[in-house]
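Undergrad: Pasting in a structure now, in structure tokens, and then I'll have a few things to ask.
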Amino acid sequence: MLKLCVAGAAGRMGTAIIQKAYSKGIQTVGAIESSNSPAVGKTLRDLGISNQNTEILSCDQLLNALSEADIFTSFTSPTADLINIPIVASQGKRIILGTTGFTPEQYRLIINAIDGKVPTVFSPNYSVGINVFFKLVDTLKAFPSDYDFCINEVHHTGKKDAPSGTANKLGDLVSNIRNYTKTVTGRDGMSARQPDEMEITSLRAGGVSGIHTLTVAGPHEMLRIEHTAFSRDALSQGVVYAAEWLSKQNTPKIYSMTDVLGLT
């Protein structure tokens, strides 16, 4: 039976992962939270997360939480992952990483900690639909040069990083096919769009799980592709797919959801 250790276990995404995994017969045998979390010392059963007696440990007890796990999952914060991921990799545990908001330097450190050390899936978004969306972008290179591309994303008010990791990934893919060299995340006053600019805008409202829209507009028509996540289950379902797939991989390298879904 596949066994997980989940970081941020009492958070919204951690809870969704544990519940989806449990429904698929995957056990959560390790769970951690920040040292000041009121969840520390309680079990998953105590908190109503799942019917498992796994105790949530403080992050400084990571090695204990990892001991019986096959895969470590983290959708937490760059600061936490910079501490936790090297420890996990040193223990030879497979990793599913979905944290976003890394600075370029933080990203470099994370990559150095895992690349060539353990099989890892690292993706800004684990939903099946979004990853098919990523694949579709390459077909849009057929649009003539006088068509403009822009991206909008909407998330709940608790999301700290903007633009979202998914929007940034879409922006990178679009920029590669359109030769955009600059990203604009907002306009104010007199600011006409320039030919080398990629536009990405962000909204934070209520409890929105995630809406990502790519708009392509030309002189006489417009195409809009939109993905809407009804709940975090769109992501947790993808995490379960990734865990099942990753458990069969032995090559210590960094994979993406493109690999997991066979979209290469």
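The values are calculated or read from the model by the stated rules, or taken from the named source; none is laboratory data. In this text, all values refer to a predicted model and were calculated from it rather than measured experimentally. Neighbour counts run over all protein chains shown; Cβ positions are idealised from the backbone, glycine included. Accessible surface areas use protein heavy atoms only, side chains included; no ligands, DNA or RNA. Shrake-Rupley method; radii C 1.70, N 1.55, O 1.52, S 1.80 Å.
Undergrad: Which percent of the Cα-Cα distances in segment 1-122 go past 23 Å?
TA: For segment 1-122, the fraction of Cα-Cα distances above 23 Å is 23 percent.
Undergrad: Can I ask one more? So which aspartates and glutamates can Lys253 reach, going by Cα to Cα under 19 Å and dropping same-chain residues fewer than 8 places off?
TA: Asp70, Asp81, Asp115, Glu244
Undergrad: Write down the radius of gyration of the chain and its Dmax, each obtained from C-alpha positions, in Å.
TA: 19.4, 61
Undergrad: If the reach is capped at under 25 angstrom between alpha carbons, list the lysines near Lys42, excluding any in the same chain fewer than eight residues apart.
TA: Qualifying lysines at Cα under 25 Å: Lys3, Lys20, Lys24, Lys93.
Undergrad: In addition: Of all DSSP beta bridges located in the chain, what percent are antiparallel, nearest 5?
TA: The answer is about 35 percent antiparallel.
Undergrad: Continuing with this model, one more query. Considering just Cα atoms, how many Å³ per residue does the convex hull of segment 151-264 enclose?
TA: 156 Å³
Undergrad: Still on this structure: What does the charge count near Leu263 come to, summing +1 for each Lys or Arg and -1 for each Asp or Glu among other residues with Cβ under 13 Å from its Cβ?
TA: The answer is -1.
Undergrad: Name the residue from Leu109, Ile85, Leu246 whose Cα lies farthest towards the positive end of the charge dipole of the chain, charges +1 on Cβ of Lys and Arg and -1 on Cβ of Asp and Glu.
TA: Going by the charge dipole, the pick is Leu246.
Undergrad: Additional query: Using the Cα atoms of segment 1-52, I'd like the radius of gyration and the largest Cα-Cα distance, Dmax, both in angstrom.
TA: 10.1, 32
Undergrad: Go through Lys160, Lys117 and list them by solvent-accessible area, largest first, probe radius 1.4 Å.
TA: Largest accessible area first, the list is Lys160, Lys117.
Undergrad: Beyond 28 Å, what share of the Cα-Cα pairs of segment 50-204 is found? Please give it as a whole percent.
TA: Summing the P(r) of segment 50-204 above 28 Å gives 35 percent of all pairs.
Undergrad: Using packing as a proxy for protection, rank 1-14, 248-261 so that the peptide with the highest average count of other Cβ atoms within 10 Å comes first. Walk me through the numbers on the way to the answer.
TA: Working: 1-14: 22.5, 248-261: 15.4.
Sorting 1-14, 248-261 by mean packing, highest first, produces 1-14, 248-261.
Undergrad: Hey, another quick one. Quick one: compute the contact order of the chain, relative version, from alpha carbon pairs under 8 angstrom and 6+ residues apart, as a percent.
TA: 20 percent
Undergrad: Please go through segment 181-239 and write out the trypsin sites (Lys or Arg not before Pro) that DSSP classes as loop and that have at most 15 other C-beta atoms within 10 Å.
TA: Passing both the DSSP loop test and the Cβ count: Arg187, Arg193.
Undergrad: Over the alpha-carbon set of segment 196-261, divide Rg by the Kirkwood Rh and report the Rg/Rh ratio to two decimals. Provide the component values of the computation, followed by the final result.
TA: Values: Rg = 17.0 Å, Rh = 15.3 Å.
Using Cα coordinates only, the ratio equals 1.11.
Undergrad: Please list Phe122, Phe72 in order of solvent-accessible area, largest first, computed with a 1.4 Å probe with all protein chains present.
TA: Working: Phe122 30, Phe72 0 Å².
Largest accessible area first, the list is Phe122, Phe72.
Undergrad: Just the number, please: carbon plus sulfur as a percent of the accessible area of the chain, 1.4 Å probe, no ligands or DNA/RNA counted.
TA: About 50 percent, which is the carbon plus sulfur part of the accessible surface.
Undergrad: Given Cβ point charges of +1 (Lys, Arg) and -1 (Asp, Glu) and nothing else, what value in debye, to the nearest 20, does the dipole of the chain about its Cα centre take?
TA: Charge dipole of the chain: 420 debye, to the nearest 20.
Undergrad: If the viscosity is 1.567 mPa s and the temperature 4 °C, what Stokes-Einstein diffusion coefficient in µm²/s follows for segment 63-146 when Rh is the Kirkwood radius over Cα pairs?
TA: 89 µm²/s
Undergrad: What does the net charge come to around Asp148 if you take all other residues with beta carbon closer than 11 Å to its beta carbon, with K and R at +1 and D and E at -1?
TA: -1
Undergrad: Determine the per residue accessible area of the chain with all protein chains present and a 1.4 angstrom probe, expressed in square angstrom.
TA: I get 48 Å² per residue for the chain.
Undergrad: Could you work out the local net charge near Val208, counting Lys and Arg as +1, Asp and Glu as -1, over the other residues with Cβ closer than 14 Å to its Cβ? Don't jump to the answer; show the numbers that get you there.
TA: Details: positive: Arg12, Lys159, Arg204, Arg232; negative: Glu153, Glu226.
Counting the neighbours of Val208, the net charge comes to +2.
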